[in-house]
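Before any comments, here is the structure.
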Amino acid sequence: MRLFAAQVARGQAQVTFLPSVAAGAVFCVALFAAGWEYGLYGLAGTAVGTATARFLGVAGDRVATGLEGFNACLTALSFAVFLGAEHVSTALLAVAGCVVVTVVTAAVVRFLGAWELPSLTLPFCLTASAATVAAPGFRHVWHHGEGPAALARAATGSTALRPADLARGFFAGFGQIFFMPQWYVGALLLLGLLVAGRRTAAVACLGSAVGMGTAWALGAPAAQLADGTAGYNSVLVALALCGVFLPVRAATLAYALVGAATATALGPAVAAFSAPAGGHAFTWPFVLTTLVFLAAAKSFPRLTGSAAGD
């Protein structure tokens, strides 16, 4: 049980690429701070995904480092947030979704492995997108009246930012990685990153700042900056491209921050594309941007560390 608990903790931390029990424990506290139901969904989802992978005989190193838990964690949380955490149907569907996403993860790992690319949160995006788009078609699953499908609309609202909006948005950008808009949840998640390493936390902070700066420069409404929806994808992209899949150096940091800005700009495009079907952006901007930038990096020796004299 102690070993399984460690695997589950690492699974939660792997949402931000951290195979750290300590960071996972802090992340768990952050989710419970958002609401006991979200903490329970996140913890149970990670446990179900990890247990399913163990039962199916997934490679031990993937299970041990938490790589089989983080997509399930996000899947369970997305169901809780978008379908209603208080419904029994949501809880049952979350359990089923965590089993399914483990299967999807295996397929995506095998498919992208042919190009030596990571699966990231693509399994979660595929599973959660399919489930939330389909949900309004089932009366025992959808409890919110009319479905959310709608045509995308032009951004409205003031773009004037107050210092309080900047501070709230900076921290909320970390919380939105787990669909939590509360600034104090984001602050706890940042603490978890700091527990894992100061350099990791610094890169994440730069990613958040670049995401917010890009969104503000492009004219995003202040409300989107304050609730963190403009910054969470940029945090994940920055972490992925500087220190996780590419070595830490000046060139990769610059590359990662360009990627962070790109993901921020891509966010409204993904939202507009998914809106008519009633879908959500989830972490699609992060996934698409990171896969493109990692595939391209193979052509840039200065980024991969194979440049002459590097």
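What the table shows:
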{"read-out": "Count of the range 104-126 residues which are under 19 Å from the mean Cα position of the chain (by Cα) and either of a type in the set (A, V, I, L, M) or open to solvent by 20 Å² or more (accessible area, probe 1.4 Å) (or both)", "value": "10"}
{"read-out": "Check on Glu86, under 25 Å from Pro285 (Cα atoms), open to solvent by 60 Å² or more (accessible area, probe 1.4 Å) and out of contact with any Ser or Thr (no Cβ under 8 Å at 6 or more places or on another chain)", "value": "no"}
{"read-out": "Per-region count, the range 49-63, residues of a type outside the set (Ser, Thr, Tyr) and open to solvent by less than 40 Å² (accessible area, probe 1.4 Å)", "value": "3"}
{"read-out": "Verdict on Arg110 being out of contact with any helix residue (DSSP H, G or I) (no Cβ under 9 Å at 6 or more places or on another chain) and not in a loop (DSSP other than H, G, I, E, B)", "value": "yes"}
{"read-out": "Those helices (runs of 4 or more DSSP H) lying entirely in the range 137-239 with at least 3 residues open to solvent by 30 Å² or more (accessible area, probe 1.4 Å)", "value": "163-175, 183-196, 198-218"}
{"read-out": "Residue count for the range 21-55, restricted to those that are farther than 10 Å from Ala72 by Cβ and more than 17 Å from the chain's Cα centre (by Cα)", "value": "12"}
{"read-out": "Number of the condition not met by Gly49 [criteria: (1) over 18 Å from Phe17 (Cα atoms); (2) in contact with an Asp or Glu (Cβ under 7 Å, 6 or more places away or on another chain)]", "value": "(1)"}
{"read-out": "Hey, Thr132 buried (at least 21 other Cβ atoms within 10 Å of the Cβ), within 17 Å of the chain's Cα centre (by Cα), modelled with pLDDT under 95 and not in a loop (DSSP other than H, G, I, E, B) or not", "value": "yes"}
{"read-out": "Criterion violated by Ala80 - all others in (1) open to solvent by 10 Å² or more (accessible area, probe 1.4 Å); (2) within 16 Å of Phe179 (Cβ to Cβ); (3) among the small types (Gly, Ala, Ser) satisfied", "value": "(1)"}
{"read-out": "Of all residues making up the range 267-289, the number that are of a type in the set (A, V, I, L, M, F, W, C) and either crowded, with 21+ Cβ neighbours inside 10 Å or outside any helix (DSSP H, G or I) (or both)", "value": "6"}
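The values are calculated or read from the model by the stated rules, or taken from the named source; none is laboratory data. The structure displayed is predicted, hence computed values, not measured ones. Because the Cβ atoms are built from the backbone with ideal geometry, glycine has one as well, and the counts that use them run over all protein chains shown. SASA here: full protein model, heavy atoms, side chains in, ligands and nucleic acids out. Shrake-Rupley method; radii C 1.70, N 1.55, O 1.52, S 1.80 Å.
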